[in-house]
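Peer 1: Could you have a look at this structure, given as structure tokens, before my questions?
The values are calculated or read from the model by the stated rules, or taken from the named source; none is laboratory data. These numbers come from a predicted model, not from an experiment. Note that each Cβ is placed from the backbone with ideal geometry, even for glycine, and that neighbours are counted across all protein chains shown. Note: accessible area is taken over every heavy atom of the protein model, side chains too, but ligands, DNA and RNA are not part of it. Shrake-Rupley method; radii C 1.70, N 1.55, O 1.52, S 1.80 Å.
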Amino acid sequence: MADWKKVHSEKMRSMDDAIRALPKNAAIIMGMASMESQGFMSRIHEFADHFEYLKVLSCLNMNSYQFCEDPQYEGRFMNENWFFGPSNRQAAKKGYRLVDFIPNNLHQAGGNKLQALKDQGATIVYWGPVAPMQDATGFFNLGLSNVYEGEVIEAADIVVLEVNKKIPFLHGDTQVHISQADMLVEFDADPPSIPVLDPGPTEKEIAAHIARLVGDGTTLQIGIGGIPNAVAALLSDKKDLGVHTEMFTESMIDLFESGAITNRKKSLWPNKFVFTFALGSPRMYRWLDDNPAVLELRGNYVNDPYVIAQNDNMVSINTAITVDLTGQVCSESLGPVQYSGTGGQLDTHRGAQKSRNGKGIIALRSTAKKGTISTIVPMLPMGSAVTVPRQDLDWVATEFGAVRLLGRTVSERARALISIAHPDFRAELTAEAEKLGYI
């Protein structure tokens, strides 16, 4: 019988030694969000003189890290990111050549980037956190995310596992064997968490319109934020809801404990919460730990629209920044300035529509900047990223109602969207629609 504890000891390195053992030019891919590599990312700037140029790839940075925020590291590090977090936004806003955005659909993010790096001849390193090894079997656990992590581990030239005792053990396609690792380091830290956002009156009004579109036996994909939380709060009287979602959120525990979520009527993976990463509170992480009802699977599977569509009565609920009168949705940028990312929005929106009796819902407040501007606009601002193309758009909801645009003409769409715009802006939107020849 193999002595995996001995192998563990042989592969263990100090953080300093493991960093110095990396190639001087490489693409180093981190774990995502709640599973970001806190040990590596908090220390790498200390070794700037040791490297020539490192691409550090991550997704939704939760903490602040000097290597991608301090302009003295321009030309030495580049944080390529699939989904901007607050610190990335600030660095980009200041014009620092430290961050760059990777346009992507979540289910293709890992595979597409790996192909691009191979085409560029890059040395690919995976450095990500894992829960401690089970001594008898030699397996570590990926914990709270497998969006692209497992996929990258299998393709990387070098694999470094950051062993963290505070990472929960999740069931699913989450195992990594010690034989796949070249080096191990130890770094114990609580996984990054986020507060539960209490919905305000406007979010509750939007949620009421969406809740009417969710029937008993629906399988849900719910995003994060005030609007999705408000929707979840209004679903507690539903029966036999299921979960097939990109991101596991706090509200899903509340719906399970209320009896609304049972997962029993799901067409695909009945009796299981299916997701590809989790981000929430310490309470949520404790609930997920060694819970046999959860199934964390790879993002290239969970978010594949053709997989999502295998769930009958699938409803995807996502939020947006702005929608134009023809139905183009921007959920990730402020004009040309990257704010967040596409993530899985288009994946889940398309998958829900392909589902039997499914619905793809985009929700947004009717105004922004304290009511001074309309989020429903004649045309998207110049440079805006189109997250959901108009030909894909299904339902749109604001606090003034919900309208279905699928299959409608441009003039029908414009009139429908104006009807759920804030009343203060409807006359102006109508006049602009007439100028543009929409109505």
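Peer 1: Decide, for the range 244-309, between rounded, prolate and oblate: order the square roots of the alpha carbon gyration tensor eigenvalues as a ≥ b ≥ c, take rounded if a/c falls under 1.5, and otherwise choose prolate if a/b is larger than b/c, else oblate.
Peer 2: It is oblate, given that a/c is not under 1.5 and a/b is not larger than b/c.
Peer 1: Okay, moving on. When all protein chains stay in place, what accessible area (Å², nearest 10, 1.4 Å probe) is found for Leu22?
Peer 2: 10
Peer 1: Kindly provide the helix-only [θ] at 222 nm of the chain, computed as the sum of -39,500 (n - 2.57) over DSSP H runs of four or more divided by all residues, to the nearest 500 deg cm²/dmol?
Peer 2: Mean residue ellipticity, 222 nm, calculated: -7500 deg cm²/dmol.
Peer 1: May I pose another question? With all distinct Cα pairs included, what does the Kirkwood hydrodynamic radius of the range 189-331 come out to in Å, to one decimal, could you say?
Peer 2: Mean inverse Cα-Cα distance, inverted, gives 15.6 Å.
Peer 1: Can you figure out the FRET efficiency of Gln391 with Lys369, using R₀ = 25 Å and their beta-carbon distance, to the nearest 0.05?
Peer 2: 0.25
Peer 1: Enter the per residue convex hull volume of the range 361-412, computed from alpha-carbon coordinates, in Å³ rounded to the nearest integer.
Peer 2: 101
Peer 1: Note the full-extension length gain between Ser9 and Arg97 as 0.36 nm times their separation in residues minus their Cα-Cα distance, in nm to one decimal.
Peer 2: Result for the pair: 27.7 nm of gain on full extension.
Peer 1: From a point 7 Å beyond the Cα of Tyr301 in the direction of its Cβ, which residues of the range 232-260 have a backbone N at a distance under 14 Å?
Peer 2: Counting backbone N atoms under 14 Å from the label point, the list is 245.
Peer 1: Further, regarding this structure: What per residue convex hull volume, in Å³, comes out for the chain when only alpha-carbon positions are used?
Peer 2: Output value, Cα hull per residue: 137 Å³.
Peer 1: Run down the lysines and flag those whose C-alpha is under 21 Å from the C-alpha of Lys204, throwing out any fewer than 8 positions away in its chain.
Peer 2: Of all the lysines, those that pass the test against Lys204 - Cα under 21 Å, at least 8 places apart if same chain - are Lys238, Lys239, Lys359, Lys369, Lys370.
Peer 1: Given 0.36 nm per residue, what is the gain on full extension from Arg212 to Lys354 after removing their alpha carbon distance, in nm?
Peer 2: Residue separation times 0.36 nm, minus the Cα-Cα distance, leaves 49.1 nm.
Peer 1: Accessible area per residue, 1.4 Å probe, Å², for the chain: what's the number?
Peer 2: In whole numbers, the chain has 40 Å² accessible per residue.
Peer 1: Shifting gears a bit: Which order do Ser145, Ser258 take by accessible area at a 1.4 Å probe, largest first?
Peer 2: The most accessible residue leads, giving Ser258, Ser145.
Peer 1: Which is the longest run of the chain containing none of the GluC sites (Glu not before Pro) found in DSSP loop states (not H, G, I, E, B) with at most 13 other C-beta atoms within 10 Å?
Peer 2: Longest site-free region, per DSSP loop and neighbour criteria: 75-439.
Peer 1: Could you pull out every residue, at least 5 positions away or on a different chain, whose amide H is within less than 5 Å of the one on Ala189? Hs are placed 1.01 Å off N in the peptide plane, and Pro or chain starts have none.
Peer 2: Amide H neighbours of Ala189: Lys165, Lys166.
Peer 1: Here is a follow-up. Just subtract the alpha-carbon distance of Asp198 and Asp157 from 0.36 nm times their residue separation and send over the number in nm, one decimal.
Peer 2: Fully extending the segment from Asp198 to Asp157 adds 10.3 nm.
Peer 1: While we're here: Measuring from label point to label point, each 7 Å out along Cα→Cβ, what is the Thr262 to Asp16 span in nm?
Peer 2: Between Thr262 and Asp16, the label points sit 6.0 nm apart.
Peer 1: From the phi of every residue in the range 120-125, what ³J(HN,Hα) in whole Hz does the Karplus formula 6.51 cos²θ - 1.76 cosθ + 1.60 yield, where θ is phi - 60° and glycine or proline is x?
Peer 2: 8, x, 6, 7, 9, 10
Peer 1: Would you mind computing, in nm to one decimal, how far apart the modelled labels at His177 and Lys165 are, each placed 7 Å from Cα along Cα→Cβ?
Peer 2: Placing both labels 7 Å beyond Cα along the Cβ direction yields 2.8 nm.
Peer 1: Return the Rg/Rh value of the range 51-148, two decimal places, where both radii are evaluated on C-alpha atoms and Rh is the Kirkwood radius.
Peer 2: Ratio of gyration radius to Kirkwood radius: 1.01.
Peer 1: Still on this structure, I have one more. Considering only protein heavy atoms and a probe of 1.4 Å, how much of the accessible area of the chain is carbon and sulfur, as a whole percent?
Peer 2: For the chain, the apolar C and S fraction of the accessible surface comes to 49 percent.
Peer 1: If you don't mind, another one. Principal axes first, then extents: for the Cα atoms of the range 295-439, list largest minus smallest coordinate on each axis, whole Å, largest first.
Peer 2: Principal extents (Cα only, largest first): 48, 32, 24 Å.
Peer 1: What figure in square angstrom, to the nearest 10, would you give for the accessible area of Phe169 with a 1.4 Å probe?
Peer 2: 70
Peer 1: Could I ask something else about it? Does the range 267-371 come out rounded, prolate or oblate by the C-alpha gyration tensor, with a ≥ b ≥ c the root eigenvalues, rounded set by a/c under 1.5 and, if not, prolate when a/b is larger than b/c and oblate if not?
Peer 2: Note, shape of the range 267-371 comes out oblate.
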